[in-house]
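For reference, the structure is listed below as structure tokens.
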Number of protein chains: 4
Amino acid sequence: MDVWRTALVHADDADIRVRGYAIAALMQNASFAETVFLLHRGQRPRPEERRLLDAILTAVADHGAGAPSCAAARLVASGNRQSLSAAIAAGVLAIGDAHGGAGQQCMELISEGLELAVQEGRALADVASQLVERAKMTGTRLPGFGHRVHTIDPRVSVLFTMATEGGIAGDGISLVRLIEAEAHTRIKPLPLNIDGALAAVLHDLGFSPLAGHLLFVVGRVAGLTAEIAEEYARERPMRIRIPVTYDGEPPRALETT
Amino acid sequence: MDVWRTALVHADDADIRVRGYAIAALMQNASFAETVFLLHRGQRPRPEERRLLDAILTAVADHGAGAPSCAAARLVASGNRQSLSAAIAAGVLAIGDAHGGAGQQCMELISEGLELAVQEGRALADVASQLVERAKMTGTRLPGFGHRVHTIDPRVSVLFTMATEGGIAGDGISLVRLIEAEAHTRIKPLPLNIDGALAAVLHDLGFSPLAGHLLFVVGRVAGLTAEIAEEYARERPMRIRIPVTYDGEPPRALETT
Amino acid sequence: MDVWRTALVHADDADIRVRGYAIAALMQNASFAETVFLLHRGQRPRPEERRLLDAILTAVADHGAGAPSCAAARLVASGNRQSLSAAIAAGVLAIGDAHGGAGQQCMELISEGLELAVQEGRALADVASQLVERAKMTGTRLPGFGHRVHTIDPRVSVLFTMATEGGIAGDGISLVRLIEAEAHTRIKPLPLNIDGALAAVLHDLGFSPLAGHLLFVVGRVAGLTAEIAEEYARERPMRIRIPVTYDGEPPRALETT
Amino acid sequence: MDVWRTALVHADDADIRVRGYAIAALMQNASFAETVFLLHRGQRPRPEERRLLDAILTAVADHGAGAPSCAAARLVASGNRQSLSAAIAAGVLAIGDAHGGAGQQCMELISEGLELAVQEGRALADVASQLVERAKMTGTRLPGFGHRVHTIDPRVSVLFTMATEGGIAGDGISLVRLIEAEAHTRIKPLPLNIDGALAAVLHDLGFSPLAGHLLFVVGRVAGLTAEIAEEYARERPMRIRIPVTYDGEPPRALETT
């Protein structure tokens, strides 16, 4: 087989180095959020960057046992107690376009919008207006806006305030706030949700769109593992019963030939 | 369906509370490792506890692209670029008894040993000797001891030093060091590896054995996501070719009836 | 990397051979159940063996949308429409010791019982009695006996009748029927369920215990894929809401230091 | 929770009915491929339809241990022997756009092409020419055409011959053959592969595009389970070593603050 290339980690008999740093030094000096930043970006975060990443990972760690990711993890923990990994993996698999995936989509929208602004020398407000108009015309959702549970997502302003105070707030945050205002005028109130806020902050921190999905998962796995531990501790196997109604073909005989 | 019970997170229109704490307060004040501790243990860690958890999560975040978990994530990223979650989940699924699962098994061994010591009023050294003798007689592996890559795992002494300096080192660490010494005498040099060190420290921090597996996954997902991001950035789909040799039945004709 | 060895399939530029047979010949002459048998056993089934495997795979293909495997697949299909594979995989992951896994466990019980009978020259009824007594004393479940939904599982007698008529019924079926009778006398009515019937028939067909789990999954994936197709066709993303009640810590303030 | 609706399976104390048919009748009379067809299509196949589905499922059951799906399953089986389901799921997760996913994409291409032909009253050859030209201009791959291993995929002509002899061959097969010819002229030789053949036949059998992915997985799980059984039987845990070369940052010191 071809040898695989990597610039992330080198492990040999004597040491493990993450992006060049000895594992012992990292363990003694870096928080886990710093390690996440280092692995993904190749450099250590400044303290205010590290605090923002801590806040993002904490923000998405859990949203209640009924969230699709948490519920899928519990269902698998209910049917299969042979493997904790199986339950965690099922929770991760529930994270996609409709649940936790809007962060990546919103980062792609931000990238597209800012590219437009630069290439055509247009104001962000103008670009925001165009993006909202397009979503309205094509009937597509604006990823990162609106929430099923929260009228105002309490996590958004915390993140943006921290980003502003840390001197990190940039065009990403500006653009999503402008889109939010435009959507309010042209469509309906669609307040930013955590996916949109996370997207804007990760953009302003210099992450690429994939990180919108990947870092959501890093944070959510904290919650998934706690949900699974609670399921094991408090509930019996096979305790989950989903009520189902059948509305298909009535009983019929099988003709044999 | 029966209503599901949970003591972890409550989300309603106005707020999200993790173990009773408002999400905004946690985002502003708690690091991600604190949130992990809070979700799993129901209380906030003391600073020295938090630092140890940071060190554990950092220690296991990645061990190179060839580790089974990282390799499985990359293989899936190579065949399926429709879903980042699919690649992460595959990496998680590779974590089990033979890879990353020894932490849980070692925590169970520690629990068994300490229970023996308490119930029968025996010294830890005596218990360690018995556990090693049993492993020798039955030909079973001591989980958390020995490593394929490292003669001396550089992460072990860092964790134990931090635990000692933080006043957290307790019977868990004592017992695994005694087992290591006994194994050296009775079987062969089997130095503690990161799974065994993590197990002893998590035990002394008050975690239950399941955490040995679950927190390994929390840490490793940081690395899995970085491996996948690198695979997407540097490699083309379907780039991975595994060399295979066939040693089964030679070509044969199918008799039709 | 070391070259991997396999005796299953050889593919080169000109052909694909499964256990030595050209893929074209198999496609023209073998049913899918035959291919499953051939892959797992290395030889083609006799017609009555093939019919039994068809019956087993059909028996476990689906048991309603509320079965943990089907429900997990639908939950993931509800949150993540980026990947059909993610939903199928989640359904597979719900299959374990408590759901669909009893087949493997029952096959191990059968193997243990028949070994006892041979080694100690005892009658099967005697062995059955001992196995039931042990389960009673240790308070462990007899895998493959009893069902949450069915008083009498309608699939059991069909399989056993087919096995008997096909001349395949052997010690596996005899032993589980004896265990069923003993359990009825010594514990309570615990009629054989599909897992126990599948285990006995697969044993008498010459499969090893792992097949009890693996072939259940082969059959169930037929149902999982149909459940997912129905979820996509009839339901909107994020339609599933699990009702949750929070019974943990009341709201509390975060002390900052 | 809302009650879930399904038209697939109804299970109560006395019976299990699949699309209205009693499970006992199906077990006695239907092959597994018939059950797959019935679950997905809501009606039983005619014999020639059943034979085609058998051929499709057999065709994709396995393509050697090095295929991404098989290799991912083996990697997980190597690291995690706690859960057979985990290894199967990892294999399923490797199936996506770049591996096994072209069937669905090709079915969407066929649907688009045939819709164009009907709506605009154009000949299939004309439509094929347009689709190939578009792929050439935009530099996109034609899904279902070309193969890394086979110059001529031996499975294609078998399927098409069976479809023709069974009176099932229709516009799907016609269109992909025309696309193949156009691509040969306008781009380069891109012979149909099994994904494209499977797509055309499933279309002519009346399946919707999702089935291109879902039924590939049904077939492949036969191979995945056999690969995993072989890995357990022939290989030790953790036997797989991927050779990795590190080309990132050289060792560097961590500045502490």
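Within the stretch C:200-215, is even one residue in contact (Cβ under 8 Å) with a residue 12 or more places away in the chain and touching a strand residue (DSSP E or B) at 6+ places or on another chain (Cβ under 6 Å)?
no
Which one of these does B:Gly64 not meet: (1) of a type outside the set (Ser, Thr, Tyr); (2) closer than 30 Å to B:Ala200 by Cα; (3) buried (at least 24 other Cβ atoms within 10 Å of the Cβ); (4) in contact with a strand residue (DSSP E or B) (Cβ under 7 Å, 6 or more places away or on another chain)?
(3)
Out of the residues in the stretch A:109-143 that are part of a loop (DSSP other than H, G, I, E, B) and either touching a residue at least 12 places away in the same chain (Cβ under 8 Å) or under 25 Å from the mean Cα position of the chain (by Cα) (or both), which is nearest to the other protein chains (Cβ to nearest Cβ)? Explain how you work it out, then say what you get.
Step one: of the stretch A:109-143, the residues part of a loop (DSSP other than H, G, I, E, B) are A:121-123, A:139-143.
Filter again for either touching a residue at least 12 places away in the same chain (Cβ under 8 Å) or under 25 Å from the mean Cα position of the chain (by Cα) (or both), leaving A:139-143.
On the way: A:Gly139: 14, A:Thr140: 14, A:Arg141: 10, A:Leu142: 16, A:Pro143: 13 Å.
Checking each candidate, the answer is A:Arg141.
Examine the stretch B:64-79 for a residue that is within 30 Å of B:Gly167 (Cβ to Cβ) and either among the hydrophobic types (A, V, I, L, M, F, W, C) or in contact (Cβ under 8 Å) with a residue 40 or more places away in the chain (or both), and state whether such a residue exists. Before you say what the answer is, go through the steps one by one.
Within the stretch B:64-79, the first condition is being within 30 Å of B:Gly167 (Cβ to Cβ), and the residues that meet it are none.
No, the stretch B:64-79 contains no residue that is within 30 Å of B:Gly167 (Cβ to Cβ) and either among the hydrophobic types (A, V, I, L, M, F, W, C) or in contact (Cβ under 8 Å) with a residue 40 or more places away in the chain (or both).
Consider C:Ser174 carefully, then state whether it is without any contact (Cβ under 8 Å) to a residue 12 or more places away in the chain and part of a helix (DSSP H, G or I).
Details: without any contact (Cβ under 8 Å) to a residue 12 or more places away in the chain: no; part of a helix (DSSP H, G or I): yes.
For C:Ser174, the condition - without any contact (Cβ under 8 Å) to a residue 12 or more places away in the chain and part of a helix (DSSP H, G or I) - is not met.
Among D:Ala229, D:Ala169, D:Ala197, which is the only one that is at pLDDT 95 or above and over 30 Å from D:Ser111 (Cα atoms)?
Numbers: D:Ala169 fails: over 30 Å from D:Ser111 (Cα atoms); D:Ala197 fails: over 30 Å from D:Ser111 (Cα atoms).
Answer to the selection: D:Ala229.
So for the stretch C:62-82 (the condition being of a type in the set (D, E, K, R), in a helix (DSSP H, G or I) and within 14 Å of chain A (Cβ to nearest Cβ)), does at least one residue qualify? Talk me through it step by step, then tell me what you get.
Filtering the stretch C:62-82 down to residues of a type in the set (D, E, K, R) leaves C:62, C:74, C:81.
Filter once more, keeping what is in a helix (DSSP H, G or I): C:74.
Still in the list and also within 14 Å of chain A (Cβ to nearest Cβ): C:74.
Yes, there is a match, as at least one residue in the stretch C:62-82 is of a type in the set (D, E, K, R), in a helix (DSSP H, G or I) and within 14 Å of chain A (Cβ to nearest Cβ).
Conditions (1) within 14 Å of chain D (Cβ to nearest Cβ); (2) part of a helix (DSSP H, G or I), marked per residue:
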| residue | (1), (2) |
| --- | --- |
| A:Lys188 | no, no |
| A:Val201 | no, yes |
| A:Ala211 | no, yes |
| A:Gly223 | no, yes |
| A:Ala233 | no, yes |
| A:Ile240 | yes, no |
| A:Pro250 | yes, no |
| A:Leu254 | yes, no |
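Taking the stretch B:152-167, which residues are within 18 Å of B:Arg50 (Cβ to Cβ) and in a loop (DSSP other than H, G, I, E, B)?
Within the stretch B:152-167, B:Gly166, B:Gly167 meet the criteria.
Do you know which residues across the stretch D:97-108 are modelled with pLDDT under 95 and part of a helix (DSSP H, G or I)?
Narrowing the stretch D:97-108 to residues modelled with pLDDT under 95: D:97-102.
Across the stretch D:97-108, the qualifying residue is only D:Ala102.
Mind checking which residues of the stretch D:87-122 are of a type in the set (A, V, I, L, M), within 22 Å of D:Asp62 (Cβ to Cβ) and open to solvent by 10 Å² or more (accessible area, probe 1.4 Å)?
Passing the criteria: D:Ala98, D:Ala102.
Just to be sure, is A:Arg234 exposed (fewer than 15 other Cβ atoms within 10 Å of the Cβ) and in contact with a strand residue (DSSP E or B) (Cβ under 8 Å, 6 or more places away or on another chain)?
Working: exposed (fewer than 15 other Cβ atoms within 10 Å of the Cβ): yes; in contact with a strand residue (DSSP E or B) (Cβ under 8 Å, 6 or more places away or on another chain): yes.
Answer is yes for this residue.
Answer yes or no: is there a residue in the stretch D:20-37 that is within 19 Å of D:Leu198 (Cα to Cα), at pLDDT below 95 and open to solvent by 10 Å² or more (accessible area, probe 1.4 Å).
No, the conditions are met nowhere in the stretch D:20-37.
All but one of (1) within 22 Å of the chain's Cα centre (by Cα); (2) within 30 Å of A:Ala73 (Cα to Cα) hold for B:Gly146; which doesn't?
Of the numbered conditions (1) within 22 Å of the chain's Cα centre (by Cα); (2) within 30 Å of A:Ala73 (Cα to Cα), the odd one out for B:Gly146 is (2).
Among the residues of the stretch C:45-61, write down those that are more than 8 Å from every other protein chain (Cβ to nearest Cβ) and either open to solvent by 10 Å² or more (accessible area, probe 1.4 Å) or small (Gly, Ala, Ser) (or both).
C:Pro45, C:Arg46, C:Pro47, C:Glu48, C:Glu49, C:Arg50, C:Arg51, listed by residue number.
Within the stretch B:13-35, which residues are over 28 Å from the mean Cα position of the chain (by Cα) and more than 9 Å from chain C (Cβ to nearest Cβ)?
Once the filter is applied, which keeps residues that are over 28 Å from the mean Cα position of the chain (by Cα) and more than 9 Å from chain C (Cβ to nearest Cβ), the stretch B:13-35 yields B:Asp13, B:Ala14, B:Ile16, B:Ala24.
Here is a check on your reading of the model: is D:Glu249 acidic (Asp, Glu) and buried (at least 17 other Cβ atoms within 10 Å of the Cβ)?
Working: acidic (Asp, Glu): yes; buried (at least 17 other Cβ atoms within 10 Å of the Cβ): no.
The answer is no for D:Glu249.
Using the structure shown, decide if B:Gly196 is surrounded by 24 or more Cβ atoms within 10 Å (Cβ to Cβ), touching a Cys at 6+ places or on another chain (Cβ under 8 Å) and under 21 Å from A:Gly223 (Cα atoms). I'd like the intermediate steps shown before the answer.
On the way: surrounded by 24 or more Cβ atoms within 10 Å (Cβ to Cβ): yes; touching a Cys at 6+ places or on another chain (Cβ under 8 Å): yes; under 21 Å from A:Gly223 (Cα atoms): no.
No; evaluated as a whole, the condition is false for this residue.
Go through the residues of the stretch C:239-248 one by one and say whether even a single one is aliphatic (A, V, I, L, M), under 20 Å from C:Ala98 (Cβ atoms) and free of Cβ contacts under 8 Å to residues at least 12 places away in the same chain.
Our first condition is that a residue be aliphatic (A, V, I, L, M); within the stretch C:239-248, this holds for C:240, C:242, C:244.
Within this subset, residues satisfying the condition of being under 20 Å from C:Ala98 (Cβ atoms) are C:242.
This time we only want the ones that are free of Cβ contacts under 8 Å to residues at least 12 places away in the same chain, so: C:242.
The answer is yes; a qualifying residue exists.
For the structure I just gave you, tell me whether D:Gln82 is in contact (Cβ under 8 Å) with a residue 60 or more places away in the chain, open to solvent by 10 Å² or more (accessible area, probe 1.4 Å) and under 24 Å from B:Arg74 (Cα atoms). If you could, list the steps in order and put the result at the bottom.
Details: in contact (Cβ under 8 Å) with a residue 60 or more places away in the chain: no; open to solvent by 10 Å² or more (accessible area, probe 1.4 Å): yes; under 24 Å from B:Arg74 (Cα atoms): yes.
No; evaluated as a whole, the condition is false for this residue.
For the stretch C:21-30, indicate whether the set of residues that are aromatic (Phe, Trp, Tyr) and in contact with a Ser or Thr (Cβ under 9 Å, 6 or more places away or on another chain) is non-empty. Reasoning before the result, please.
Pass one, the stretch C:21-30, residues aromatic (Phe, Trp, Tyr): C:21.
Okay, now just the ones that are also in contact with a Ser or Thr (Cβ under 9 Å, 6 or more places away or on another chain), so none.
No, because not a single residue in the stretch C:21-30 is aromatic (Phe, Trp, Tyr) and in contact with a Ser or Thr (Cβ under 9 Å, 6 or more places away or on another chain).
From the list B:Arg5, B:Arg41, which residue is open to solvent by 40 Å² or more (accessible area, probe 1.4 Å) and more than 10 Å from chain C (Cβ to nearest Cβ)? Working first, answer last.
Details: B:Arg5 fails: more than 10 Å from chain C (Cβ to nearest Cβ).
Exactly one residue qualifies, and that residue is B:Arg41.
What number of residues within the stretch D:123-145 satisfy the criterion of being surrounded by fewer than 20 Cβ atoms within 10 Å (Cβ to Cβ) and of a type outside the set (Val, Ile, Thr)? Before the answer, list the steps.
The first filter runs over the stretch D:123-145 and keeps only residues surrounded by fewer than 20 Cβ atoms within 10 Å (Cβ to Cβ), leaving D:123-126, D:129-130, D:133-134, D:136-141.
Going one step further and asking which of them are of a type outside the set (Val, Ile, Thr), we end up with D:123-126, D:129-130, D:133-134, D:136-137, D:139, D:141.
Looking only at that region, the number is 12.
Kindly provide the set of residues from the stretch A:150-185 that are crowded, with 17+ Cβ neighbours inside 10 Å, aliphatic (A, V, I, L, M) and within 14 Å of another protein chain (Cβ to nearest Cβ), ordered by number.
A:Val156, A:Val158, A:Leu159, A:Met162, A:Ala163
The values are calculated or read from the model by the stated rules, or taken from the named source; none is laboratory data. As the structure is a prediction and not an experimental result, all values here were calculated from the model. For neighbour counting, all protein chains shown are included, and Cβ atoms are generated from backbone atoms with ideal geometry for every residue, glycine included. Just the protein is used for accessible areas: all its heavy atoms, side chains included, with ligands, DNA and RNA removed. Shrake-Rupley method; radii C 1.70, N 1.55, O 1.52, S 1.80 Å.
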